[in-house]
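The values are calculated or read from the model by the stated rules, or taken from the named source; none is laboratory data. Since the model is a prediction, treat every value here as computed from it, not as a measurement. Note that we place each Cβ from the backbone using ideal geometry, even for glycine, and neighbour counts take in every protein chain shown. Side chains are part of the model used for accessible areas, which takes the heavy atoms of the whole protein and leaves out ligands, DNA and RNA. Shrake-Rupley method; radii C 1.70, N 1.55, O 1.52, S 1.80 Å.
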Amino acid sequence: MISAKKIGLYFGTFNPIHIGHLIIANHLVENSDLDEVWMVVTPHNPHKKKKTLLDDHHRLRMVRIAVEEYPKLQASNIEFDLPQPNYTTNTLAHLEEKYPEKSFSLIMGEDNLKSLHKWKNYEVILDRYAIYVYPRISEGTIETQFDGHPKITRVDAPIMELSSTYIRKGIKTGINIRPMLPHEVWKYLDEMNFYK
C-alpha cells in the first residue's frame, strides 16, 4: 500500500510573500518527512477593512510566481471559497474531504503556538494533525500542555526576522527592498505599483 503524501500547510496573508517565507517553507520540505508544502493564501476578511492588504488574487499570483521554481512548494487558494471568517479547523476538514488520499499537517511559527490554546477546536486539531513549529522571536510563553506534545515537532529552521510590514513600509518610503523578495515577485509588485 502506498502511504499518503504528506502535505504541510503554511498559512499566511503573504502580503507580499518574501524570501523569509520561502526559506522556511523550503527548509521544512527538505528537512522533515513532508513531501510538499502548500502555501495557503488567507483571504481578505470582508468584515475587516485593511487598506494595506492587496486583493486575494494578486497575493495568490505573487505566491505562484515565488514557488514556480520549487517543485515541492505549491500555492493554494483553498480558503478563497470557504465562508468567512474562516477557521483553520474548517479548512482542514474541507481539505480532508477534497483530498482523501493526502495527509495534512500544520506549519506555524512559535508565536502562533503561544496562542494555539485560543484557536477554535484546537484540541481537535492537536488530536488529528501533526504540527511543525519553526522558531520566531516573540513575546509570551508556550502553554505547558504543548511542551513535549507528541503531535508537535520543533523544527530547527533559520530564524527569519523579515516582515511583510517592513517591506510594505520600505516600498512606500522608497527604500530598496529588492533583496528581500524573489526577483519575479519584485518585478510584479513594481509593475503593478503596489504598496506605494
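Of all aspartates and glutamates in the structure, the ones whose alpha carbon falls short of 20 Å from that of K120, not counting any fewer than 8 places away in one chain, are E79, D81, E96, E97, E110, D111, E143, D147.
Here each label is just a point 7 Å from Cα along the line to Cβ, and for E101 and T144 those points are 4.6 nm apart.
Per residue, the chain exposes an accessible area of 56 Å² to a 1.4 Å probe, with every protein chain left in place.
Each Lys and Arg adds +1 at its Cβ and each Asp and Glu adds -1 at its Cβ; summed about the Cα centre, the range 110-193 shows a dipole of about 260 debye.
Would you please put 37-44, 147-154 in order of how densely packed they are, using the mean number of other Cβ atoms within 10 angstrom per residue and starting with the highest? Write out the running numbers ahead of the final one.
Working: 37-44: 23.4, 147-154: 12.5.
The packing order, highest mean first, is 37-44, 147-154.
Suppose R0 equals 22 Å. What FRET efficiency, 1/(1 + (r/R0)^6) with r the Cβ-Cβ distance, do L82 and K151 give to the nearest 0.05? Can you show the working numbers first?
Details: r = 24 Å, r/R0 = 1.08.
According to the calculation, E is roughly 0.40.
Semi-axes of the equivalent ellipsoid of the range 126-184: what are they in whole Å, largest first, if each equals the square root of 5 times a C-alpha gyration tensor eigenvalue?
Details: eigenvalues 224, 36, 19 Å².
Working from the Cα gyration tensor, I get semi-axes of 33, 13, 10 Å.
Counting only protein heavy atoms and a probe of 1.4 Å, the accessible surface of the range 143-196 is 52% carbon and sulfur.
Given q = 0.19 Å⁻¹, what are the Debye log10 I(q)/I(0) values for the range 114-157, with equal point scatterers placed on the Cα positions and solvent ignored? Summing over Cα pairs of the range 114-157 leads to -0.61.
Out of the total accessible area of the range 1-81 (probe 1.4 Å, heavy atoms of protein only), what percent is carbon and sulfur?
Details: 2060 of 4170 Å².
Here carbon and sulfur together make up 49 percent of the probe-accessible area.
Counting only lysines at least 8 places from K196 when in the same chain, those with an alpha carbon closer than 26 Å to its own are K48, K49, K50, K51, K169, K172, K187.
Using a simple charge model, +1 on the beta-carbon of Lys and Arg, -1 on the beta-carbon of Asp and Glu, nothing else, what dipole does the chain show about its Cα centre, in debye to the nearest 20?
Values: 25 positive and 25 negative charges, 166 e Å.
Here the chain has a charge dipole of around 800 debye.
Taking the charge dipole of the chain about its Cα centre, with +1 at Lys and Arg Cβ atoms and -1 at Asp and Glu Cβ atoms, the residue from S105, P43, T153 reaching farthest to the positive side is P43.
With K and R counted +1 and D and E -1, the other residues having a Cβ less than 15 Å from that of E123 yield a net charge of +2.
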